[in-house]
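First comes the structure, then the notes that go with it.
The values are calculated or read from the model by the stated rules, or taken from the named source; none is laboratory data. The shown structure was predicted, so the numbers you read here are calculated from the model rather than taken from an experiment. As a convention, Cβ positions derive from the backbone with ideal geometry for all residues, glycine included, and neighbour counts pool all protein chains shown.
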């Protein structure tokens, strides 16, 4: 920021000659203007258009473009008043004049002439764009419209003239075409040029207007607004997307544009012998005799040693500053940087020429009229050893390895004295990915527990410079955020234990972020197996074009910009995971949907290693290949690489029976301690460890961390977490104060009310809990179903079993088909040992309706137990635990059932696991007369 401001002060304080156009002129409109209909402001209302007049007229004559604007807008509200009341008229004095014809306020039938009242425009130099690395040489004339009110009409008529000497007498004009839903009382664009002038014009929207000859001039007038353009897919190339523009040009061909631009890039004599630039040339020559290496060194010099800064001064937008000036000031725009690079390459005897490009509209260029206005960028094309190199001095961080990369600029125009035609860039895949990430996941504690990770993220090019600068300015928390964002695509949300940034010293321009921390394991249970997605290639390809409409079927798909990533993942498995296998594609096609892919996979000695590379070169997928490409991507997505644990991989509760549990989780515990040490004054630091400790059934540790978090920030959520933890441990009396405090903090919290109601019931005061629930039900709301289920539970505590069943039945009449209500009806009947056939029907109905029926399977297991059908009870409880492994309630009941079936060893193992996961579970089941 400081360097930009300093550079601007140097430019602004430098002596400069005054230009005739440095102040606005006050003159009547020229006589060639076609007058618009009078503005009627006497019957305006809120439904009136904002634009009462939008009249844009241009005359092209003798290489000059005169643009006349006559606009009248209705001041509809105070926000518009604040914006429109400060009139700002920009113009570029190097090219011509700003001419003020009139400024008036129309109020009903009154016309208040602000200029006649003596108001004049002040002139400001407009350099705010330096924040976007731009000095544009534009002046701004400003005027406060005194007396302007909401409901008034502000009417301004002005002209600007422009004659750019860089165009060698040629002229080019652009007129935007308003489209619906924009409305206006009167709107048009009007283009005129002398009969006999060889001017070409083109509307990129279909129009019926034709030029007519009036007083020796061709006149083209287009009424506006045009119809709203037809909708096109967002992924359509730009040439298919509507461009509401009228353009005109006196250039007769692209070859003429090329030849007119050529003198601006003549490098002869640009690097004087003995000059600082000549010394840089000699340094490059001394480093290497290889032309490609020399070209890379020249490009690196321009990219790394001169900043990008657009400079539109002294000759408009087309004339670059000299290489000597660019090197002296150490900044330049695309024109200046390209001229500097050209001069260096020519001194190095490398064949090179400038190329005009259009960033963003490159594929539309062939449909444009020949003119310099079709382009907004300049780069260099060099030819070395039969290879074509596209060198862009405005980029950052390119090195020898990157020199063959191609920009996705579509169609470009080489600049040469003899003239050249348009050429399409032949796209190549990048030589290396923009980002290379390496991640080691230590999952030796278990597949379903948090993972320790080590990660490095290597970046080159413009992003490397941004990261390096950002890191140097960031505080500790901001650095953690940078790391977290960098690894989130692979690891999701993480906790950062350590972090650092490494600047490469090998000249590669790489910046490497290093981090260690804690991440989610990424394993989940699907189809009865623990699975982890390993793919970092196919999933990165988003190819789902919509071409359902008939009008869209011939539209290609625009692919993402050139770039790519490499991700290497190394997963260290726990000893119980010896049966892990790989499923899906262990190798990939060379290309898919226009992307280049590469994959290497190994599974050896308890370690999975996957290296995925995805590269994009840009470009398009032709319309006739969309269906096949979509099918190929769909097939690849159906075969995403994943690791699959064996069917007998133990659940968490089984791993937690390990006598060496403390040693197994020591590294994770140490990492959590380091996270807390970084931010010991933040409650969240303790909360994340509390969840971890809960997962490994360290209940004392959970309470300690929750206590620390509550001391720092006693939120309702944390208080409820401790209350429910104490309840699970069979200590409801200790939990009540937390639940009551949580309800005070958030009186409207249904969760707090439900927790408190259950705790009252647990401590023998179910009437008090039921009163809370009834009061909340009387208020209505979205939580009625959950509260009704809770009410039925509380009624059973008072032995009002039929009332509990009736409560659920009444709710089912209002909301039939709710699986949770059927499950609760089954559960009440099963636990209270009533209407067991009816309970069985309710549970089966819930299982059929539920997306995730583990609770209903558990309930039906209870019913089968009551009916003495132990085999069926065991089957349902096994099924419930397959869906929700380690659920204490299902573990407890399975232990009871196994004991009843004579399998005491496995039964008591289940009971022990249930008690470890919910220490107070015996009390819970004792209420229903069930014990091991």
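Determine whether segment 543-561 contains at least one residue that is in contact (Cβ under 8 Å) with a residue 40 or more places away in the chain, buried (at least 18 other Cβ atoms within 10 Å of the Cβ), within 24 Å of the chain's Cα centre (by Cα) and under 30 Å from residue 450 (Cβ atoms).
No: segment 543-561 contains no residue that is in contact (Cβ under 8 Å) with a residue 40 or more places away in the chain, buried (at least 18 other Cβ atoms within 10 Å of the Cβ), within 24 Å of the chain's Cα centre (by Cα) and under 30 Å from residue 450 (Cβ atoms).
What are the residue pairs meeting all of these: first residue in segment 701-725, first residue in the same structural domain as residue 917 (by TED's automatic domain parsing), second residue crowded, with 19+ Cβ neighbours inside 10 Å and part of a helix (DSSP H, G or I), Cβ atoms under 9 Å, and 6 or more apart or on different chains?
Between residues of segment 701-725 that are in the same structural domain as residue 917 (by TED's automatic domain parsing) and residues that are crowded, with 19+ Cβ neighbours inside 10 Å and part of a helix (DSSP H, G or I), there is no close pair.
Can you say whether residue 67 is at pLDDT below 95, outside any loop (DSSP other than H, G, I, E, B) and surrounded by 14 or more Cβ atoms within 10 Å (Cβ to Cβ), as far as the supplied structure shows? First the steps, then the outcome.
On the way: at pLDDT below 95: no; outside any loop (DSSP other than H, G, I, E, B): yes; surrounded by 14 or more Cβ atoms within 10 Å (Cβ to Cβ): yes.
No.
Would you check which residues across segment 73-95 are buried (at least 17 other Cβ atoms within 10 Å of the Cβ) and either under 39 Å from the mean Cα position of the chain (by Cα) or on the phi > 0 side of the Ramachandran plot (or both) and list them?
First pass over segment 73-95, keeping only residues buried (at least 17 other Cβ atoms within 10 Å of the Cβ): 73-75, 81, 84-85, 87, 89, 91-95.
If the condition is that a residue be buried (at least 17 other Cβ atoms within 10 Å of the Cβ) and either under 39 Å from the mean Cα position of the chain (by Cα) or on the phi > 0 side of the Ramachandran plot (or both), then 73, 74, 75, 81, 84, 85, 87, 89, 91, 92 are the ones that fit.
Hey, does segment 601-616 have a residue that's over 22 Å from residue 441 (Cα atoms), assigned by TED's automatic domain parsing to the domain that holds residue 571 and either crowded, with 18+ Cβ neighbours inside 10 Å or in contact with a strand residue (DSSP E or B) (Cβ under 9 Å, 6 or more places away or on another chain) (or both)?
Start the filter on segment 601-616 by keeping residues that are over 22 Å from residue 441 (Cα atoms), which leaves 615-616.
Still in the list and also assigned by TED's automatic domain parsing to the domain that holds residue 571: 615-616.
Right, trim to either crowded, with 18+ Cβ neighbours inside 10 Å or in contact with a strand residue (DSSP E or B) (Cβ under 9 Å, 6 or more places away or on another chain) (or both) and you get 615-616.
Checking segment 601-616: at least one residue is over 22 Å from residue 441 (Cα atoms), assigned by TED's automatic domain parsing to the domain that holds residue 571 and either crowded, with 18+ Cβ neighbours inside 10 Å or in contact with a strand residue (DSSP E or B) (Cβ under 9 Å, 6 or more places away or on another chain) (or both).
Of all residues in segment 185-197, count the ones that are surrounded by fewer than 18 Cβ atoms within 10 Å (Cβ to Cβ) and over 16 Å from residue 58 (Cα atoms).
Matching residues across segment 185-197 total 1.
In segment 652-670, which residues are under 13 Å from residue 696 (Cα atoms) and part of a helix (DSSP H, G or I)?
The answer is 652, 653, 654, 655, 661, 662, 663, 664, 666, 668, 669.
If you go through segment 671-703, how many residues are in contact with a helix residue (DSSP H, G or I) (Cβ under 8 Å, 6 or more places away or on another chain), assigned to a loop (DSSP other than H, G, I, E, B) and over 14 Å from residue 495 (Cα atoms)?
Matching residues across segment 671-703 total 3.
For the list (1) under 39 Å from the mean Cα position of the chain (by Cα); (2) over 16 Å from residue 337 (Cα atoms), I need the number of the one condition that residue 301 fails.
Here residue 301 clears every test but (2).
Consider residue 292 carefully, then state whether it is in contact with a strand residue (DSSP E or B) (Cβ under 8 Å, 6 or more places away or on another chain) and modelled with pLDDT of 95 or more.
Against the criterion (in contact with a strand residue (DSSP E or B) (Cβ under 8 Å, 6 or more places away or on another chain) and modelled with pLDDT of 95 or more), residue 292 qualifies.
Quick check on segment 212-223. Is at least one of its residues assigned to a loop (DSSP other than H, G, I, E, B) and in contact with a strand residue (DSSP E or B) (Cβ under 6 Å, 6 or more places away or on another chain)? Before you say what the answer is, go through the steps one by one.
First, pick out the residues of segment 212-223 that are assigned to a loop (DSSP other than H, G, I, E, B): 215-216.
Subsequent filtering for residues that are in contact with a strand residue (DSSP E or B) (Cβ under 6 Å, 6 or more places away or on another chain) retains none.
Within segment 212-223, none of the residues are assigned to a loop (DSSP other than H, G, I, E, B) and in contact with a strand residue (DSSP E or B) (Cβ under 6 Å, 6 or more places away or on another chain).
With the requirement that a residue be touching a residue at least 12 places away in the same chain (Cβ under 8 Å) and surrounded by fewer than 19 Cβ atoms within 10 Å (Cβ to Cβ), what does segment 517-528 give you?
520, 521, 525, 528
For segment 523-538, enumerate the residues that are modelled with pLDDT of 95 or more and touching a helix residue (DSSP H, G or I) at 6+ places or on another chain (Cβ under 8 Å).
Across segment 523-538, the qualifying residues are 533, 536, 538.
Where residues in segment 244-291 are in contact with a helix residue (DSSP H, G or I) (Cβ under 7 Å, 6 or more places away or on another chain) and part of a loop (DSSP other than H, G, I, E, B), which of them is farthest from residue 417 (Cα to Cα)?
288
Residue by residue through segment 866-880, note down the ones that are surrounded by fewer than 24 Cβ atoms within 10 Å (Cβ to Cβ) and part of a helix (DSSP H, G or I).
Passing the criteria: 866, 870, 871, 872, 874, 875, 878, 879.
Does residue 626 satisfy the criteria of being assigned to a helix (DSSP H, G or I) and either within 30 Å of residue 895 (Cα to Cα) or under 28 Å from the mean Cα position of the chain (by Cα) (or both)?
Working: assigned to a helix (DSSP H, G or I): yes; either within 30 Å of residue 895 (Cα to Cα) or under 28 Å from the mean Cα position of the chain (by Cα) (or both): yes.
Yes; evaluated as a whole, the condition is true for this residue.
Within segment 573-595, can you find the residues that are surrounded by fewer than 18 Cβ atoms within 10 Å (Cβ to Cβ) and in a strand (DSSP E or B)?
The answer is 581, 582, 583, 591.
Pick from 908, 891: which is part of a helix (DSSP H, G or I) and either crowded, with 23+ Cβ neighbours inside 10 Å or touching a strand residue (DSSP E or B) at 6+ places or on another chain (Cβ under 8 Å) (or both)?
Selected residue: 891, the only one of 908, 891 that is part of a helix (DSSP H, G or I) and either crowded, with 23+ Cβ neighbours inside 10 Å or touching a strand residue (DSSP E or B) at 6+ places or on another chain (Cβ under 8 Å) (or both).
Could you check segment 500-515 and list, in sequence order, the residues that are on the phi < 0 side of the Ramachandran plot and surrounded by fewer than 20 Cβ atoms within 10 Å (Cβ to Cβ)?
500, 501, 502, 503, 504, 505, 506, 508, 510, 512, 514 - these are the residues of segment 500-515 that are on the phi < 0 side of the Ramachandran plot and surrounded by fewer than 20 Cβ atoms within 10 Å (Cβ to Cβ).
This table checks each residue for (1) over 28 Å from residue 267 (Cβ atoms); (2) in contact with a helix residue (DSSP H, G or I) (Cβ under 6 Å, 6 or more places away or on another chain); (3) surrounded by fewer than 17 Cβ atoms within 10 Å (Cβ to Cβ).
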site	(1), (2), (3)
405	no, no, no
411	no, yes, no
418	no, no, yes
443	yes, no, no
449	yes, no, no
458	yes, no, no
467	yes, no, no
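Looking for something under 24 Å from residue 335 (Cβ atoms), buried (at least 18 other Cβ atoms within 10 Å of the Cβ) and within 39 Å of the chain's Cα centre (by Cα) - is there at least one such residue anywhere in segment 282-294?
Taking every residue of segment 282-294 in turn, at least one turns out to be under 24 Å from residue 335 (Cβ atoms), buried (at least 18 other Cβ atoms within 10 Å of the Cβ) and within 39 Å of the chain's Cα centre (by Cα).
Determine, yes or no, whether residue 638 is at pLDDT 95 or above, surrounded by fewer than 21 Cβ atoms within 10 Å (Cβ to Cβ) and within 27 Å of the chain's Cα centre (by Cα).
Yes.
Residue 554 - would you say it is assigned to a loop (DSSP other than H, G, I, E, B), at pLDDT 95 or above and farther than 25 Å from residue 597 by Cβ? Before the answer, list the steps.
Working: assigned to a loop (DSSP other than H, G, I, E, B): yes; at pLDDT 95 or above: yes; farther than 25 Å from residue 597 by Cβ: yes.
Yes, satisfied.
Can you name the strands (runs of 3 or more DSSP E) wholly within segment 312-423 that have at least 1 residues being in contact with a strand residue (DSSP E or B) (Cβ under 6 Å, 6 or more places away or on another chain) and more than 19 Å from residue 297 (Cβ to Cβ)?
Details: elements: 351-357, 377-384, 387-391, 411-414.
Per the criteria, 351-357, 377-384, 411-414.
May I ask you to say which residue of 44, 52 is closer than 22 Å to residue 183 by Cβ, in contact (Cβ under 8 Å) with a residue 60 or more places away in the chain and either touching a helix residue (DSSP H, G or I) at 6+ places or on another chain (Cβ under 9 Å) or not in a strand (DSSP E or B) (or both)?
44
Quick check: is even one residue across segment 705-714 closer than 27 Å to residue 891 by Cβ and surrounded by fewer than 20 Cβ atoms within 10 Å (Cβ to Cβ)? Reasoning before the result, please.
Going through segment 705-714, the residues closer than 27 Å to residue 891 by Cβ turn out to be 705-706.
Restricting the remaining residues to those that are surrounded by fewer than 20 Cβ atoms within 10 Å (Cβ to Cβ) gives none.
No, that holds for no residue.
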